[in-house]
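Accompanying notes for the structure given below.
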Amino acid sequence: MSFLPILSLPSNDLSFAFKRRFGLSDKLSYWYNCDSNYWSAVYKHTYGEDFKLKAGYDSEVRLGWASLWVGDEGGKAKTAPMKMKVQFMLQVPQDDIKSSVLMFRIKKRWDI
């Protein structure tokens, strides 16, 4: 478990982050801004080496989201040029659920 107080200068905004690992595959992160009362929370669960599920909420933009990452994060230097991760993400605004968005993204590493 870790607790991180954050002081932003010159505005003197105080915030803190809290991170808790519940095992090798589960992690919860929480961030709170004391001046604006905005907060965000993220839960991350990994399935083996190739699948990562993340879900969270951000109070500033009033948006809940969930994403699934598919792809190996580890690996040796020889396999690095072949690394690729695919993300499927669902964003659901709290104020207008009908304007939910399903996004698809590919992150590919290109080594020359």
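What follows is calculated from the coordinates using simple rules that are stated; it is not laboratory data. Bear in mind the structure is a predicted one, so any value in this text is a computation, not a measurement. Note that each Cβ is placed from the backbone with ideal geometry, even for glycine, and that neighbours are counted across all protein chains shown.
Under a model in which nothing but the beta-carbon of Lys, Arg (+1) and Asp, Glu (-1) is charged, region 13-108 shows a dipole of about 580 debye around its Cα centre. In order along region 18-34, the phi-based Karplus estimate (6.51 cos²θ - 1.76 cosθ + 1.60, θ = phi - 60°) of 3J(HN,Hα) comes to 10, 10, 9, 9, 9, x, 5, 10, 10, 9, 10, 10, 9, 10, 9, 9, 5 Hz; Gly and Pro are listed as x.
Each residue of region 97-102 was assigned a 3J(HN,Hα) from its phi angle through the Karplus expression (A = 6.51, B = -1.76, C = 1.60, θ = phi - 60°), giving 5, 5, 9, 5, 10, 9 Hz with x at Gly and Pro. The calculated FRET efficiency for the pair residue 99 and residue 30, based on their C-beta separation and a Förster distance of 22 Å, comes to about 0.25.
Pairs of C-alpha atoms in region 13-108 farther apart than 15 Å represent 68 percent of all such pairs. Amide H to amide H distances under 5 Å link residue 63 with 58, 94, where only residues 5 or more positions off or on other chains count and H is placed in the peptide plane. Here the contact order of the chain, divided by its residue count and restricted to Cα pairs under 8 Å and six or more residues apart, works out to 14 percent.
Largest mean-square fluctuation among 92, 101, 42, in a Gaussian network model of the chain whose springs join Cα atoms under 10 Å apart, belongs to 101.
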